[in-house]
1. How big is the stretch 164-223 along each principal axis, measuring the range of its Cα positions in Å and listing the largest first?
2. Full extension from D73 to K211: what is 0.36 nm times the residue separation minus their Cα-Cα distance, to one decimal in nm?
3. Residue by residue, what Karplus-based ³J(HN,Hα) values in Hz, rounded to whole numbers, does the stretch 120-132 have, using 6.51, -1.76 and 1.60 with θ = phi - 60° and x for Gly and Pro?
4. Excluding ligands, DNA and RNA, what is the solvent-accessible area per residue of the chain at a probe of 1.4 Å, expressed in Å²?
5. What are the aspartates and glutamates whose alpha-carbon lies under 12 Å from the alpha-carbon of K179, with same-chain residues fewer than 8 places away excluded?
6. What residues have an amide H closer than 5 Å to that of T217, excluding those fewer than 5 places away on the same chain, when H is modeled at 1.01 Å from N in the peptide plane?
7. Round to a whole number: what % of the accessible area of the chain belongs to carbon and sulfur, probe 1.4 Å?
8. Report the equivalent ellipsoid semi-axes for the chain in whole Å, largest first, defined as the square roots of five times the eigenvalues of the gyration tensor built from alpha carbon atoms.
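The values are calculated or read from the model by the stated rules, or taken from the named source; none is laboratory data. Keep in mind that what you see is a predicted model, and the values were worked out from it rather than measured. Protein only, heavy atoms only, side chains kept; ligands, DNA and RNA dropped before computing areas. Shrake-Rupley method; radii C 1.70, N 1.55, O 1.52, S 1.80 Å.
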Amino acid sequence: MTWMKILMKQMSNHNAPLITLDGPSATGKSSVAWEVSKRLSLKFLNSGSLYRIAAYYVYSKKFHVDEIEKITDQINKDNISFEINTSSDSYSIQLNGVDICDKISNDHIALIASKLSKDELLRRALVKKQHDFYQLPGLVADGRDMGSCIFPEATFKFFLTASATIRAERRHKELQNRKIHANFTEVLESLVKRDEQDATRSIAPLVIPPKAIVIDTSQMTMTGVVEKVLDHCCINERC
Ligand code: DC
């Protein structure tokens, strides 16, 4: 079936296409999801940034990590969007119109985000926020529970994985490229700790969603993964 036919089928079902990519940190899922959303002209949601923004409030608003109600009220008030970053050909995360990528893209914020993400109240507050991103002409969403909890009805579900060492190498290189000093062992330890926190929490833990296509990205380039995802969605030239 061509992508157009799939699209028509979904639209006639009053459902726009929905593609989810889940997986542990540094598997490249947000870069892949962003590229796929651009290639298919669909909307994009990087759900991890919502949890990172919740963690960022601990610093910017001086909220305590236990003040979940204050954090959820704030996140529901704030406008979060993803815009093209023309200088890097990637996306920027905007909080009320201001690019906050630099403020939330560090391992310290990521660990707090992972801790906060265990909280049921916060997770519940974020469900509607995430559903609101699902609009015409459709959505590509990445995270930990996109295909399992937030969008179980997704048209296509993917689960990206890679060995911890390779993921830590990628993360370390990314930090170096951004001129952020990082020790490889610390990066690896932080990543393993976060994997454990995300996979063992009682609410919406990181799991392979039912019917998800598993892609081991260890030996693949980002472009290779994008092509594979698009192949599965049946939109490339061979379809
Ligand atoms: O994808 P990320 O590394 O930006 O995510 C940061 C943390 O947020 C992650 O360690 C766990 C949490 N998270 C989550 O619980 N559910 C999601 N859908 C996305 C992220």
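1. 39, 30, 17
2. Details: separation 138, 0.36 × 138 = 49.68 nm, distance 3.45 nm.
Extending this stretch completely gives an extra 46.2 nm.
3. Those phi angles translate into 5, 4, 5, 4, 5, 5, 8, 4, 5, 3, 6, 4, 4 Hz.
4. On the way: 11910 Å² over 239 residues.
With the other protein chains kept in place, the chain gives 50 Å² per residue.
5. In chain and number order, the partners are D102.
6. T161, A162
7. On the way: 6340 of 11910 Å².
Ligands and nucleic acids excluded, carbon and sulfur give 53 percent.
8. Numbers: eigenvalues 149, 93, 58 Å².
Working through the eigenvalues yields semi-axes of 27, 22, 17 Å.
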